[in-house]
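Report on the structure given below.
The values are calculated or read from the model by the stated rules, or taken from the named source; none is laboratory data. Just so you know, these numbers come straight off a predicted model, no measurement behind them. Positions of Cβ are generated from backbone atoms using ideal geometry, with glycine treated the same way; all protein chains shown enter the neighbour counts.
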Amino acid sequence: MDASLLKVLKLANEQRLCVDMSCTTCGGMLFATTVMRLLKKRGYETTPVSLGRISNQLRAVWLQDTTQRAVLTELKALNPNAIEEREIEPAARYLIYSAYSTLGLERVESALPSECFAGQVLVAMKAHYANVQLENARWIEVRATERRARAQRLADKQVRHAERLEKKKKRDAERLRVS
């Protein structure tokens, strides 16, 4: 059952198809179109697509609930061997992320049990996201600490400057009295 999707995912790796949703050139739509054609052949109801211009209309078809539920069904049945897992993981991540962006995390988690390959990829994606969030929080804290230290140094410098000015005023007043 999963041979066709596995074939498409392996093809994406072999032909180096873009599987980056944030790609500013194509958004991975050539890969998405290939998957949609596979879904159509497999009997899922999807809007017919052509490989013509990659447009917002095509992106809208790709991000429909029905298309993404079909993708999740196919991903759940996917059972690659260990070598294939490494080859197809980026494309699988693309599919899982596009389903997440359309359906939400709860629906994707309920559709992909952690025992299946796609479920394991989802678990790894969530762990990666948690690590990125943790690193971002650390980075923000480091920057905040640096800003506080910089502000304290500036305040200390201003206090020293004010003290120097006060001493200068006293010296000047003393000189005026003496002269």
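Pairing residues of region 148-168 that are aliphatic (A, V, I, L, M) with residues that are at pLDDT 95 or above and part of a helix (DSSP H, G or I), at Cβ distances under 9 Å and at least 6 apart in sequence or on separate chains, gives no pairs at all. When every residue of region 46-69 is checked against the conditions, at least one turns out to be at pLDDT 80 or above, under 22 Å from TYR129 (Cβ atoms) and surrounded by 15 or more Cβ atoms within 10 Å (Cβ to Cβ). Looking only at residues of region 87-107 that are in contact (Cβ under 8 Å) with a residue 60 or more places away in the chain and under 13 Å from LEU63 (Cβ atoms), we find that the one that is surrounded by the most Cβ atoms within 10 Å (Cβ to Cβ) is LEU95.
Identify the residue in region 17-36 that is more than 12 Å from ALA91 (Cβ to Cβ) and in a loop (DSSP other than H, G, I, E, B) and, among all such residues, is nearest to the chain's Cα centre (by Cα). Result: SER22. Filtering region 108-117 for residues that are assigned to a helix (DSSP H, G or I) and loosely packed, with under 13 Cβ neighbours inside 10 Å leaves a non-empty set. Identify, from the list SER110, SER114, SER101, the residue that is closer than 23 Å to PHE31 by Cβ and among the polar types (S, T, N, Q). Being closer than 23 Å to PHE31 by Cβ and among the polar types (S, T, N, Q) holds for just one of SER110, SER114, SER101, which is SER101. Filtered by the rule that a residue be touching a Lys or Arg at 6+ places or on another chain (Cβ under 8 Å) and closer than 17 Å to LEU63 by Cα, region 108-120 gives a lone residue, ALA111. Could you tell me whether LEU134 is under 23 Å from CYS18 (Cα atoms), modelled with pLDDT of 90 or more and outside any loop (DSSP other than H, G, I, E, B)? Spelling it out, it is not the case that LEU134 is under 23 Å from CYS18 (Cα atoms), modelled with pLDDT of 90 or more and outside any loop (DSSP other than H, G, I, E, B).
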